[in-house]
Amino acid sequence: MERSRKRRKNNKYYMIGAAILLVLIVIGIVIGVNSCGRKEEEDIADPVVQEETESEEETLSPEEIAAEEEKAEREAHEELIEDTIASYGDIGMCSLEDGGYLNIREAADQHSDIVGKLYDRSACSVREDQGDWLKIKSGEIEGFVKSQYIITGEDAVQLARDEFKLRAIVLTERLNIRTEPSKESDVIGTAEEGGRYEVEEELDEWVKLKKGYVSKEYVELKECLDEARKLDEKTAVLNMYDNLGVSNVDNYLNIRKGPGDNQDIIGKLPKNSGAEILDEENGWYKIRSGAVTGYVSSKYILTGSAAVGIAIDKAELMAIVEADALNVREGPGEEYKAWTQITNSERYPVLGEENGWVKIDLGDDDDESGEATTAFVSSDFVEVRYALNEAIKFSPTEIARMKASSKRGQICNYALQFIGNPYVWGGLSLTKGCDCSGFVLKVMQKFGINLPHYSGAQAKSGKKVDSGSIRPGDLVFYANKSGTINHVAIYIGNGQIVHAANKKSGIKISSWRYRSPVKIVNVIGD
């Protein structure tokens, strides 16, 4: 009986378990069917959607597609412009009436050193307002500029939008700008390192700028705003003057002892030479240039931006001698022969530098070949920098006193009339061009003194004179590295000569020891 009750109870559990299992099976079947149904629906629906999408795309014309792409590019470009402008913070834009550039100075002072240049329509971040001056940062340059030349606010933002252009950023120290997209074409200028130049046309290997072509190899092309540029060596010449004046004459400008045409002449300021303007008085500037301080007529002196432009254009890399006398050698080293000396009274154009030695142009051309006379000096004794020519001491008082009674005075005065006229190798014209010996020949011929043409032959004429007895009108001769006489000049007194120097400067006045003389000759016969 008991056993029968147990069997009935177990059978009851078995039936409940089987029922539960049956329910689970049914639920599983339903879920599987639904999943298959959805999967089937998905498999069927995908091609329909794709077909509809493809159908929609096929309805756009090529013009509409291009328009959509152009719109996307325009929106991206506008976003780039706004992001760039925002990156400046308080943006400022340089605005100059005559173009050019604005000096960035180390301090808020007109006489402070220039540290960079901000070209017209270039961008900067305005960091601080000091009234007449703004402290700015542009590119790598931070300094002060005059506030009157910087636009700020919404006007600056609008100008920045207009000036956001494709530019070539120069990656090398100096990049040649050429007339054509070819390394064989003429060089017409240089692009500064870090400079951002607007691109007019992009070629395979070249970029066309406003001034000419530059190689793509040395630039980065980028849409951006123009920014400040570092102070290059040439522009550094401006830091040599607090109040720059540049002579604006064809040849030489007389420097007088006082402010007036009746004052004694005490110096000459060559064309495009630099001077410090010290004062102004009744149409005359008091200037200091080189070792000369005196007065010049203000109508022949450029100032302001005009002077700056000429100074940067005409500045040359020069060797400025720091010793009273300096040996020059045939080559770049002490093992080379020292064949002449130069003095600190002259500045010598630099032709190159090599292993601590500077190759210089001695300032005259060889009478026999017409080539420049060159030499090497140790960089330990010269300062090499861009500089302007400056005044030379010159007083015609002694010559004027001799003029009426002395042939020597007349010869010197006659020779000085041709200062600034051209040098032409082999030439015999005092006005159209002559070389050094041709100049001497024609001047002396005027006074009945006949000489051969070349300097070596002229040195054999007349009577030899020692340096302690030299007088105005005597001829001074110079030699080349081999000791052969190759240049001649006329001594005019006060330690100076007048000579047809070279193609660059023509007939000029120099110190008679601009290099060591080798012979002095009296051809006048008195």
Meets criteria (modelled with pLDDT of 85 or more and open to solvent by 60 Å² or more (accessible area, probe 1.4 Å)) for Lys403: no
Within region 474-488, track down each residue that is polar (S, T, N, Q) and open to solvent by 10 Å² or more (accessible area, probe 1.4 Å). Asn480, Ser482, Thr484
Could you check region 422-454 and list, in sequence order, the residues that are open to solvent by 20 Å² or more (accessible area, probe 1.4 Å), in a helix (DSSP H, G or I) and polar (S, T, N, Q)? Gln445
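Quick grid of which residues meet (1) part of a strand (DSSP E or B); (2) out of contact with any Pro (no Cβ under 7 Å at 6 or more places or on another chain); (3) open to solvent by 70 Å² or more (accessible area, probe 1.4 Å):
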| site | (1), (2), (3) |
| --- | --- |
| Leu269 | yes, yes, no |
| Glu280 | yes, yes, yes |
| Lys299 | no, yes, yes |
| Val308 | no, yes, no |
Filter region 325-350 down to the residues that are in a loop (DSSP other than H, G, I, E, B), open to solvent by 40 Å² or more (accessible area, probe 1.4 Å) and touching a residue at least 60 places away in the same chain (Cβ under 8 Å), then identify the one that is nearest to Tyr514 (Cα to Cα). Ser345
Can you pull out every residue in region 361-399 that is touching a helix residue (DSSP H, G or I) at 6+ places or on another chain (Cβ under 7 Å) and at pLDDT below 85? Asp367, Ile399
Any residue at all in region 140-155 that's under 14 Å from Ile104 (Cβ atoms), in contact (Cβ under 8 Å) with a residue 60 or more places away in the chain and not acidic (Asp, Glu)? yes
Across region 50-107, which residue is modelled with the highest pLDDT among those that are β-branched (Val, Ile, Thr) and farther than 25 Å from Ala160 by Cα? Ile65
Name the single residue that is nearest to Ile91 (Cα to Cα) among those in region 166-179 being open to solvent by 20 Å² or more (accessible area, probe 1.4 Å) and at pLDDT below 95. Leu171
Tally, over region 355-371, of residues that are among the small types (Gly, Ala, Ser), out of contact with any Lys or Arg (no Cβ under 9 Å at 6 or more places or on another chain) and within 21 Å of Glu316 (Cβ to Cβ): 0
If you go through region 472-526, how many residues are assigned to a strand (DSSP E or B), touching a residue at least 60 places away in the same chain (Cβ under 8 Å) and among the small types (Gly, Ala, Ser)? 7
When you check Arg471 against the structure, is it more than 15 Å from Asp366 (Cα to Cα), open to solvent by 20 Å² or more (accessible area, probe 1.4 Å), more than 36 Å from the chain's Cα centre (by Cα) and modelled with pLDDT of 90 or more, yes or no? yes
Of the residues in region 433-476, how many are of a type in the set (Asp, Glu) and in contact with a strand residue (DSSP E or B) (Cβ under 6 Å, 6 or more places away or on another chain)? 2
So which residues in region 246-267 are open to solvent by 40 Å² or more (accessible area, probe 1.4 Å), among the polar types (S, T, N, Q) and either assigned to a strand (DSSP E or B) or under 24 Å from Gly506 (Cβ atoms) (or both), if there are any at all? Asn248, Asn251, Asn254
Quick check, is Glu383 open to solvent by 50 Å² or more (accessible area, probe 1.4 Å), under 30 Å from Glu276 (Cβ atoms), among the acidic types (Asp, Glu) and touching a strand residue (DSSP E or B) at 6+ places or on another chain (Cβ under 8 Å)? yes
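The values are calculated or read from the model by the stated rules, or taken from the named source; none is laboratory data. The shown structure was predicted, so the numbers you read here are calculated from the model rather than taken from an experiment. Methodologically, a virtual Cβ is constructed for each residue, glycine included, from the backbone with ideal geometry; neighbour enumeration extends over all protein chains shown. The accessibility values were calculated without ligands, DNA or RNA, using every heavy atom of the protein model including side chains. Shrake-Rupley method; radii C 1.70, N 1.55, O 1.52, S 1.80 Å.
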